[in-house]
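One structure is given here, and the rest of the page talks about it.
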């Protein structure tokens, strides 16, 4: 018997925990939707896979070896919200593991103009491809698509590549992966002091990575933002519940000396309702050749990019600047995720 | 000596039969332009090829075997009319048999803005690629391009991927292929009763598939449409000449019990001159949880997609609903066509 | 220590000679920016490579052999200025030598709308890809990007695929390659008489190919243009300094009998400031079935394409018309350039 199909509106009313249970099959993650899905064990294994991929790409015939792993699979990059960085990162990740595929970027070229629902459009795509990577501006929409596809009996994995200001789980993974690599010879992610700076209310990257960090223990966090852009109450509550020591402030320079990791972000003014960001003096939330001197010698600097003025480009060559490496890490962690989703990660040991 | 080159206008005045003769080389189809080109023998062989491709994709190393067949060939997908479904289906078909390639979708990005003719643009493309798959809104334009390219002495096959409301030959092939598969254990396509419902005047898919069905014998057809959207006189004449028993009506529910196959279509209101479709009560031409009960238990339901309200999505899980499978069949039949055009279909038996 | 980073404005003030020195590494070309970089020796070797590629593509398993050469490398086609021809030519070249990759064509889809600088955008791309092919409307911008990327310590080669009306070095290469092939059994490029016709002031293709031809000796040139579109003084000076005999005129028919090679061009009216091209009688600068009779029997006709009315399409089948072959040569010379940049050109002898 066919189950009753929920409307999008009703689906969003389901508790997150119930929704998360839909995205697993045979005790593995099947759809990648929210960073809450990632256990510490899952992440550590994925990080090892990403390390191995990075290692193999530099070896003779390594690239060819990786190409062979998923050359029988094809991916759809369904990006109806503008993106260069995430799009190209996923495209590169696909190519690294040998996947071919297609893309939908401009819905105005599609048959939605013939009155087709987006649901039918995505079902069409799932008929042609083995995986869908999806960026859409509507919070929860990729989750709803995953739910609908599973009901059809011909489901393929969906990866949420960014859903409005809601979730961007693979960005969170690459951020934590970068922390993992940076701190692996210094006792790991646990026990360190983290700074988050900028628009912490609306930046989905920050929200996701802060959630993920609570998988680790003994953390201290400095939350540096203009008062109107401080973290949301639910996130603060989550941190407190997980025994993270937090300090909220709007004085960047005062906290810089304490940080092992500094995570900078830009103002997300595309989400302004009426230009409210324009009155904020954002210069107090920038890293410059002057205040970088306040930081520890072995601290690291992250940024999800794109940046505006938060970090002076002249600092790019500072050895603490990790954001360009962070960007490349994204490619490797996404390639690792593709291998995981098709249960091929164990094949790397064959190399 | 160079032959006189016909203008597009004069080319269109040539009888179809004369034009069809241009699209053959060495007694094989070379350009795929109109469904009239497909003989029963051609179709049966192509269906076998598609069956084999589908079979092989599910076998170990089957995907790799298929990839190797045409990896030395490259296709251009020249789609200046909006399309997701057909575009992605052809793209997937190309990738299944290993072809790489390029695409032109938005002529505003092209050098036509520098004053180049579309003819020169396509000759450029034929210089770089081994095959052109072309969707264009002008009836007969892909035929004219095939004609021009052949005159240059450096021709490549062109597949018509939909030419305005005129022809969509590969859609017709996939429709008949789906009927073939559905009825192969029940005596085949001949001798069955077919229903066609909706905008039968302007839907090119319906026109093409009805033409192709006349290759088979002993057919009965119920043609269900609003009076203003009934099939064109030439099509009706063609059916009568081929001894198809036809019944024209606008009462869907009355004919549902007689059908072995029900082919639903949407209103093609993009071809309205002045909103004439808007006054039609299309609810009488829809399949619902209520009237589906009138159908035979072993009937099948087709739709070329995209759909609007003609078929309630809740019916997608009914075992008679074949339209999503039909969509996937399109990918396989197009892959079969690619192998045929490069004379590689016999290589499948090597597997 | 980090060097001071020049602004784009200041970078453009550097003498070309100094800039060219940046684009070499280990005595090989690393970035392909301006046709002045190509020595006679470099060109002759590249032409041999292109000949070999063309030869191998026609041999059994030749295509597969070529695919294997660079299948471990990935290219970004960054084309923010409209182009079909050059884009597809480079795409095809990449595919011939096995490269996969991605494209950025419409900056409005990118994160520049989030306030990212184009510099950061390109650094992002260089993090994901092994090579950037770049078309941009700003003169010198791809050079500036090459300069910036080299400073980051994680540089990849950049090929200038056309920079406004400034430079289009690979177009110049394919033009000279076509002359090379046409004249190789007739004593080569040196000692021949060349005609250039049309908008010689603003056509970057002409400027580049004229520069490159001065690598050869004993040349005579007829420069045929409306007075307001004659070659720029610096180019004329360069020709005189290199002992090229030049004749400036606006009478095409008078010079046709003397030419071994006729290079036609279109009016570049996209660079008009106020429609000044519209008052020129361009019909005097066209090749027609009538005046082609004035040409030598073994002369050749080139055109960078796209064309408008400069060459009547009916002349395409004249054996002297080389422009469609010239177009295909572009694909092979670009493939040769890709092999050169990754130091793989010597691998062709393995075949």
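The values are calculated or read from the model by the stated rules, or taken from the named source; none is laboratory data. The structure displayed is predicted, hence computed values, not measured ones. Ideal geometry is used to build each Cβ from the backbone, glycine not excepted, and the neighbour counts take in all protein chains shown.
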Exercise. Looking only at region C:270-285, which residues are surrounded by fewer than 17 Cβ atoms within 10 Å (Cβ to Cβ) and either touching a strand residue (DSSP E or B) at 6+ places or on another chain (Cβ under 7 Å) or in a helix (DSSP H, G or I) (or both)?
Worked result: C:270, C:271, C:276, C:278, C:279, C:283, C:284
Exercise. Does residue B:121 fit the bill of being in contact with a helix residue (DSSP H, G or I) (Cβ under 7 Å, 6 or more places away or on another chain), without any contact (Cβ under 8 Å) to a residue 60 or more places away in the chain, part of a strand (DSSP E or B) and at the interface with another protein chain (Cβ under 9 Å from one of its Cβ atoms)?
Worked result: no
Problem set entry | Residues located in region B:24-36, provided they are modelled with pLDDT of 95 or more and either part of a loop (DSSP other than H, G, I, E, B) or closer than 15 Å to residue B:169 by Cα (or both) | B:29, B:30, B:31, B:32, B:33
For this session: Answer yes if at least one residue in region B:41-51 is away from chain A (no Cβ under 11 Å), touching a helix residue (DSSP H, G or I) at 6+ places or on another chain (Cβ under 8 Å) and at pLDDT below 95, and no otherwise.
Result: no
Seminar exercise, completed: Residues of region B:293-318 being farther than 23 Å from residue A:7 by Cα and touching a strand residue (DSSP E or B) at 6+ places or on another chain (Cβ under 9 Å), in sequence order, are B:295, B:299, B:300, B:301, B:302, B:303, B:304
Exercise. Among the residues of region A:171-192, is any under 19 Å from residue A:30 (Cβ atoms) and either outside the structural domain of residue A:82 (by TED's automatic domain parsing) or buried (at least 22 other Cβ atoms within 10 Å of the Cβ) (or both)?
Worked result: yes
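For region C:329-336, indicate whether the set of residues that are at pLDDT 95 or above, away from chain B (no Cβ under 13 Å) and under 23 Å from residue C:204 (Cβ atoms) is non-empty.
So far as region C:329-336 goes, yes, one or more of its residues are at pLDDT 95 or above, away from chain B (no Cβ under 13 Å) and under 23 Å from residue C:204 (Cβ atoms).
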Exercise. Going by the conditions given, is residue A:64 surrounded by fewer than 19 Cβ atoms within 10 Å (Cβ to Cβ) and assigned to a helix (DSSP H, G or I)?
Worked result: yes
For this session: Looking only at region C:214-230, decide whether some residue is farther than 18 Å from residue C:304 by Cα, in a helix (DSSP H, G or I) and at pLDDT below 95.
Result: yes
Exercise. What single numbered condition from (1) touching a residue at least 60 places away in the same chain (Cβ under 8 Å); (2) part of a helix (DSSP H, G or I); (3) crowded, with 20+ Cβ neighbours inside 10 Å; (4) within 14 Å of another protein chain (Cβ to nearest Cβ) fails to hold for residue C:83?
Worked result: (2)
Problem set entry | Qualifying positions in region B:231-268 - surrounded by fewer than 14 Cβ atoms within 10 Å (Cβ to Cβ) and assigned to a loop (DSSP other than H, G, I, E, B) | B:232, B:243, B:251
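Yes/no per residue for (1) more than 20 Å from residue C:309 (Cα to Cα); (2) facing chain C (nearest Cβ under 8 Å); (3) modelled with pLDDT under 90:
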| site | (1), (2), (3) |
| --- | --- |
| B:108 | yes, yes, yes |
| B:111 | no, yes, yes |
| B:128 | yes, yes, no |
| B:131 | yes, no, no |
| B:138 | yes, no, yes |
| B:155 | yes, no, no |
| B:158 | yes, no, no |
For this session: Please specify each residue of region B:324-351 satisfying the condition of being over 14 Å from the mean Cα position of the chain (by Cα), free of Cβ contacts under 8 Å to residues at least 60 places away in the same chain and either in a loop (DSSP other than H, G, I, E, B) or under 22 Å from residue B:306 (Cβ atoms) (or both).
Result: B:324
Seminar exercise, completed: Within region B:1-23, the count of residues that are away from chain C (no Cβ under 14 Å), out of contact with any strand residue (DSSP E or B) (no Cβ under 9 Å at 6 or more places or on another chain), surrounded by 10 or more Cβ atoms within 10 Å (Cβ to Cβ) and in a loop (DSSP other than H, G, I, E, B) comes to 1
Exercise. Of the residues A:103, A:143, which single one is more than 10 Å from chain B (Cβ to nearest Cβ) and either touching a strand residue (DSSP E or B) at 6+ places or on another chain (Cβ under 6 Å) or over 18 Å from residue C:128 (Cβ atoms) (or both)?
Worked result: A:143
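Results for (1) away from chain B (no Cβ under 11 Å); (2) over 23 Å from residue C:221 (Cβ atoms), shown as yes or no for each residue.
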{"site": "C:273", "(1), (2)": "yes, yes"}
{"site": "C:282", "(1), (2)": "yes, no"}
{"site": "C:295", "(1), (2)": "yes, no"}
{"site": "C:308", "(1), (2)": "no, yes"}
{"site": "C:316", "(1), (2)": "no, yes"}
{"site": "C:322", "(1), (2)": "yes, no"}
{"site": "C:340", "(1), (2)": "yes, yes"}
{"site": "C:346", "(1), (2)": "yes, yes"}
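Criterion first (assigned to a loop (DSSP other than H, G, I, E, B), farther than 25 Å from residue B:49 by Cα and assigned by TED's automatic domain parsing to the domain that holds residue B:242) does residue B:202 satisfy it?
Yes.
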